[in-house]
Every structure is written in C-alpha cells, then in structure tokens.
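Peer 1: Below is one structure. I have some questions about it.
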Amino acid sequence: MNEKKSHEIGIMSSVCSTLAKRERLRHVVDIGSGKGYLATTLYMQYQLSVIGIDSQIGNTHGALRRKQRLEKQYKGLVKRQQERTDNSRKCRNSEHLSEPPVRETVMRGESHEVTVSSEGHKVMVNSESHKVKVNSEGHKVKVNSEGHKVMVNSESHNATEDDKPTHIALTAFIGPNDQLDKYVEPYFQNNQFMLTGLHTCGDLAGSMSRQFIHSPACTLMVGVGCCYHLISEMFCANPFQPKEEASATPQFPLSSFLRDKHVKLGRNCRMLSMQSRIGQDSVFDVSLFWRALLQKILFDVHGYWRKDWILGKIASRCSSFREYVRKAFHKLHIESQLTDAQIDDYVHQHAHVENKMAMFFQLRTALSPAIESVILLDRCLYLLEQNATTMVVIKKLFHPSKSPRCYAIIAKKKEAR
C-alpha cells in the first residue's frame, strides 16, 4: 500500500473494530471492497469475519491472492510494523495521530472466493440449502432452489463455524433495490453485522445507505464516499449519458426533505465538489489555459467547436503549447496551416487571461466544501428520516492533505427483533 492508502486503512480499520467491539458484532460486510485492503485488515489484524463484495472479478481474485500472501508473511510484517511504529512515536509530535495497535497473534480462519452470476443478471442468494455439483472446469457449483448458480473455490466452508473468523471474497453487483441479506445469510446465518465501505464510488454510497436501512441483520454502518461527479441525480439528467442508460434509482437527493424541494446540483457542481485546496500550492493547472486557448484558435480558424470532440489528458505529455496544439489537431483529425509564430502570438496576446483564470479557479474551489456538505447532509437526512435509525453522525476520519474525501457517515440502527 502507498502512504495514502496505508493512512486510510489504518484509521478506518481501527474505527470499525472499535465500533464492532462496542456493539458486540463479529461480522462485517465490506461493500465495494476493491483489492481487499480493508477486508483483510479487519480479518487478520482484528479477527473479524468479513465478506468483501466487489463487482469486478479481477478485484476479487486479487483480494484473495493478497490475503493468501499476507498469511504467509504476516508475523514478519507485524514485527516490522511494530518496530516502525515504536520509532515513529519517539519522533512524532503528540498532536499527530498514532498508528492503530497491532496484535501479535494471527487467527487463521477460512478464506473463500465466490462469484455470483446468473446469465449476466444480479443473483439473489438465499439461505436455503444448496445442491453442490462440480462443473467441467473442476469448480464447485452450488445451485439453489431458484436455479441460481454460485461459484466457490476448492476450500469448503461451513457457515455454522462462528467460533473463528472467516474471509470471503464475493463478486456481485448489488443494486440499491437488491436484498443484501440474501448474499450474506449463507455465510453469516442470522448473525447481525456491520456494513462498511471505504471510498465507495458514486452511487454506491447512496445504495449502501439504502442497504443499511432495508437489511434487518445490519445494525451498524461506517461509510466514506467519493467520486461525487458520478452520482446520478433525480432532477438533473447527465448530458453525456443516453437516456436508456440513466439510473432507475437516482442517488441524489436521497432525503425526502431535499426531494420535496427539487434540489439539484448538476455535473459542474459535482465535479467541483471533488476538488481540494488543502495540501496544494495552486488548484490551477496550465492545461486549463491551454484547453481554453485551443478552443479560441479553433473558433478563429475553423469557425466552430464540436461537442463530441474529446482530447483526453494530452497536456500531460506536452512540454509546450505548440506541441499541445499539434497533438490536439492530430487527434481531432484537423488539418492546420498555423505556423509556430502564429501559435506563439496567441499565447502572448492572451497571457493576461491566464492570470484571470487562475484567480477564478482559486475562488471557485473555495465553494467545494459547501457542495460536498450538501451531498453528505442529504445522506444523513435520509438516514434520520428512517424510523429504524437511532444515531447518525458525520466524522472526519482522515487528514485532508492525505485523503481529501475524509468524512465518514456512521449510523446505528435498532436491533431486529
């Protein structure tokens, strides 16, 4: 893990473990688990039973391989981490956050990889008994009463073994209207669990809140969202997305309070909410000026600018505006008669505009925290509007200079009776 990810995982896993211990929970569902950093930490370091769910099978395979490698090297890693922690504490200012405690023991439970699919559709796995068959590739296939198939690896799993922690990597796309319990029950049975997600992307954060409310066995949630620009809105359509691909369950606004007021943000606001001023010398990049100046040239030379022209991140591969213009024209399949001297003249004539753009973007970025607050408060309002919730808080977990998306929504629900 890099420094940013290590910072996030260390704090997030410690918070989840502390809350789980306080609520006497031994089971965790990590939604949008990615490469399994959080899931394996909760499993190996804090000895919790974890199901990591991700929609990409490559992430599931990677999470399982990583966990298997860690088990072989874990004792050595624990020793080295403890030495680094002891040394850093001697030099660290008391105001800084200390690393979470590292346990010396390892509980080796069972680890499983599960791929859930049904001819490309989402699968609801229930807690009924499953028939086990072996397909032509040698994989075990569980077929439930509804005909849905669940692929499992060669390690057997007994869902009744609750006395030792387990780690399960599950590949499945869980939509906002799906029943999370049907994925969890075959492994956790009727045990209550915590739902967690670290930097759940776009709509997944809103979907996670819905799953928390609608799942009777889920009594605690700790979620940190990100990628606000990918959120689907109820009252503002994405101009770059075909109508048939639009989400049937928009994730903003979630709360009835904002829905009744028809609140909308729009793509520009959501993009702005992702920008952070902390830890940056300047939020303005010269590529923004180059992009604006290129559009000016195209209007002057050709008289138009097509909305379907996409340049991508070619500026990062250019050392000058001349090179940027040449590559842009080549990518857009436009013949240009401009000389280097003419291109340089555009830069000199509009140099004052670059300073104005820099000031504008500095001022614009100051609004970023306000927009992010609207998104987070909407999710909190949604949870507070539900009768089942007993506590909802927003907590800053990470240092913004290391992880700009640093706010977690922590919610507690009444226990199912």
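Please treat every number below as a calculation from the coordinates, not as lab data. Just so you know, these numbers come straight off a predicted model, no measurement behind them. Note: ideal-geometry Cβ built from the backbone for every residue, glycine included; neighbour counts use all protein chains shown.
Peer 1: Could you order peptides 291-298, 302-309, 333-340, 80-87 by the average number of other Cβ atoms within 10 Å of their residues, highest first?
Peer 2: Descending mean neighbour count gives 291-298, 80-87, 333-340, 302-309.
Peer 1: Rounded to the nearest Å, what's the spacing between the alpha carbon centres of the range 29-54 and the range 305-374? Just the number, please.
Peer 2: Measuring centre to centre over Cα atoms gives 42 Å.
Peer 1: May I pose another question? About the Cα centre, and with charges only on the beta carbon of Lys, Arg (+1) and Asp, Glu (-1), how big is the dipole of the range 275-382? Nearest 20 debye, please.
Peer 2: 280
Peer 1: Is there a pair in LYS4/LYS313; LYS4/LYS396; LYS21/LYS414; LYS21/LYS412; LYS5/LYS35; LYS296/LYS327 whose C-alpha atoms are over 21 Å apart, and which pairs would that be?
Peer 2: Where the Cα-Cα span goes over 21 Å, the pairs concerned are LYS4/LYS313.
Peer 1: Taking amide H positions as placed in the peptide plane 1.01 Å from N, state which residues far from VAL50 in sequence (5 or more) or on other chains have amide H under 5 Å from it.
Peer 2: Those qualifying (amide H under 5 Å, at least 5 residues apart or on another chain) are VAL28, THR166, HIS167, ILE168.
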